[in-house]
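The values are calculated or read from the model by the stated rules, or taken from the named source; none is laboratory data. The structure presented is a predicted model; accordingly, all values stated were derived computationally and were not measured. Neighbour counts run over all protein chains shown; Cβ positions are idealised from the backbone, glycine included. Note: areas computed on protein heavy atoms with side chains; ligands, DNA, RNA excluded. Shrake-Rupley method; radii C 1.70, N 1.55, O 1.52, S 1.80 Å.
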Amino acid sequence: GDVPLITVGISSAGQSEVFPAGRTSSDLVYDQIINDINLAKELFSTANITSKYNFSKPALSALEAEVFLWKSKVRAGGVSDLDTALAAINSAITNSAATLTPSYSEIFRSTETSSEDIFSVYFDQIEQSDTPFWVADFLISGEFYNLLTEESKANTPLVSNPQGKTVA
């Protein structure tokens, strides 16, 4: 459906884009996603994966395949979207050198990347910037909390983090 579309970086709680006034048509949102994917393709210096923990051109191809599969199935995009998705999948596999592992279940029993991985999110609870509590990375500061509607404030718990700051 229609959603707010934000195309600028957010660097301050005072920016008007933090709480967009309205929604953008889903057609325009899809156009933006596809334009962003096409632009990103041009910006990668290599087609290969340099680290499975960094976004890469093969990871972008996997994302592109997901977008066009969604367009084909949910938005009735038809065969041309399926063809685009298939080309993106083939690109992701070719440029990532991904192969199937001998045991599918082993993928979920290891914290290491496997030959099937094209992109992985690395998470180490002790590797944090200024707090030992990973949950603090998902909290909002008082500056942003104050911009919430009264209804949202009522549904957002306040806690104090280890540094003594109140966060939501």
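General observations
- P(r) tail, the stretch 1-130: Cα-Cα pairs separated by more than 24 Å, 48% of all pairs.
- Here S26 and T149 are evaluated by their C-beta separation; at R0 = 35 Å the FRET efficiency comes out at 0.90.
- Fraction of accessible area attributable to carbon and sulfur, the stretch 30-115 (%, probe 1.4 Å): 57 percent
- With both labels modelled 7 Å from their Cα along Cα-to-Cβ, the Y104 to I10 distance reads 3.8 nm.
- Proximal lysines to K153, defined as alpha-carbon separation beneath 21 angstrom and excluding residues fewer than eight positions away on the same chain: K165
- Accessible area per residue, Å², the stretch 1-116 with all protein chains present, probe 1.4 Å: 66 Å²
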